[in-house]
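The values are calculated or read from the model by the stated rules, or taken from the named source; none is laboratory data. Small disclaimer: the values here were computed from a predicted structure and weren't measured. To get the accessible areas, we keep the full protein, side chains included, count just its heavy atoms, and leave off ligands, DNA and RNA. Shrake-Rupley method; radii C 1.70, N 1.55, O 1.52, S 1.80 Å.
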Amino acid sequence: MDSSAVRLIQIKLTDMGHYTAEIDGDRGEKTHAAVKLGLPQLPGERPTDIGTWSDKRQSIAFLQLYCHAEGVNAGTVDGWWGPQTDWA
């Protein structure tokens with residue numbers, strides 16, 4: 001996941017009211033804390049064990065769910081960065 005994807009996540013989390021730090025493309029503690037708050041609010045089906053995934057994998061799942069909510073096919077919500085998520 002590159003910094004432009006993280007910036008997109010941070011922007012969406014800011015819009016949701018969960019992220020107030022600088023939009024810097026760094027997937028740090030503040031970003032992950034906001035991802036944990038934002039994940040349950042995004043529409044779409046998600047795996048039941050998503051809460052046990054690594055910080056990075058949850059961030060990717062957040063991006064996948066966000067893309068789906070916007071009508072962009074990011075593939076299966078699995079928290080893995082593959083070609084379909086990269087395309088989205």
Original post:
Considering segment 39-69 alone, what residues qualify as being open to solvent by less than 60 Å² (accessible area, probe 1.4 Å) and either of a type in the set (Phe, Trp, Tyr) or assigned to a loop (DSSP other than H, G, I, E, B) (or both)?
Top reply: LEU42, GLY44, PRO47, TRP53, PHE62, TYR66
Original post:
Within segment 70-88, can you find the residues that are open to solvent by 50 Å² or more (accessible area, probe 1.4 Å) and part of a helix (DSSP H, G or I)?
Top reply: PRO83, GLN84, ASP86, TRP87
